[in-house]
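Where a number appears in this text, it was derived from the coordinates with a stated rule and is not lab data. It should be emphasised that the depicted structure is a prediction, and the values quoted were computed from it without experimental measurement. Cβ placement follows ideal geometry from the backbone for every residue including glycine, while neighbour counts extend to all protein chains displayed.
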Amino acid sequence: MNWYLDVLKKYAVFSGRARRKEYWMFTLFNAIAAVILLGIDFALSTLPLFTAIYALGVLVPSLAVMVRRLHDTGRSGWWYFISFVPIVGGVILFVFTVLEGEAHDNAYGPSPKAAQTY
């Protein structure tokens, strides 16, 4: 849960780097929250009120953590736009997020994996 909250604390921080664990834990908790809210929307017949409000609320943090994840692999945040290429773009972006980050310092900052000792 701390990974999710850490990303929310860095609400609009597009600089720096994000480890795989930070990105994927945020994505996991984000998906769980969306499913729960979707269930609440369905139960209250307000579809998609709460889910849409939540999605708008986490839009900027989601983009920010994606850009920082791309930075960790040594790529510019502009690579996010490859996701707009049908089918292939999403697969390429998924591969970029799964790849291990650069172990050394890069143009986007020091390695977050080397900085964390836990």
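Just checking, how many residues over region 13-44 are exposed (fewer than 14 other Cβ atoms within 10 Å of the Cβ), aliphatic (A, V, I, L, M) and under 12 Å from the mean Cα position of the chain (by Cα)?
Residues that pass the stated criteria total 2.
For region 45-63, which residues satisfy the criterion of being crowded, with 17+ Cβ neighbours inside 10 Å and without any contact (Cβ under 8 Å) to a residue 24 or more places away in the chain?
The first filter runs over region 45-63 and keeps only residues crowded, with 17+ Cβ neighbours inside 10 Å, leaving 50-51, 54, 58, 61.
Correct list: Phe50, Thr51, Tyr54.
Listed here are the residues, each with its yes/no results for (1) of a type in the set (Val, Ile, Thr); (2) free of Cβ contacts under 8 Å to residues at least 12 places away in the same chain; (3) part of a loop (DSSP other than H, G, I, E, B).
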{"residue": "Leu8", "(1), (2), (3)": "no, no, no"}
{"residue": "Tyr11", "(1), (2), (3)": "no, no, yes"}
{"residue": "Ser15", "(1), (2), (3)": "no, no, yes"}
{"residue": "Ala18", "(1), (2), (3)": "no, no, yes"}
{"residue": "Glu22", "(1), (2), (3)": "no, no, no"}
{"residue": "Phe26", "(1), (2), (3)": "no, no, no"}
{"residue": "Asn30", "(1), (2), (3)": "no, no, no"}
{"residue": "Val35", "(1), (2), (3)": "yes, yes, no"}
{"residue": "Ile40", "(1), (2), (3)": "yes, yes, no"}
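Each row is one residue, and each column tells you yes or no for (1) surrounded by fewer than 16 Cβ atoms within 10 Å (Cβ to Cβ); (2) in a helix (DSSP H, G or I); (3) in contact with a Ser or Thr (Cβ under 9 Å, 6 or more places away or on another chain).
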| residue | (1), (2), (3) |
| --- | --- |
| Val65 | no, yes, yes |
| Leu70 | no, yes, yes |
| Gly74 | yes, no, no |
| Phe81 | yes, yes, no |
| Gly90 | yes, yes, yes |
| Glu102 | no, no, yes |
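Those residues that are surrounded by 12 or more Cβ atoms within 10 Å (Cβ to Cβ) and not in a helix (DSSP H, G or I), I need them from region 104-118; list them, please. Steps first, please.
Let us first name the residues in region 104-118 that are surrounded by 12 or more Cβ atoms within 10 Å (Cβ to Cβ), namely 106, 108-113.
Selection gives Asn106, Tyr108, Gly109, Pro110, Ser111.
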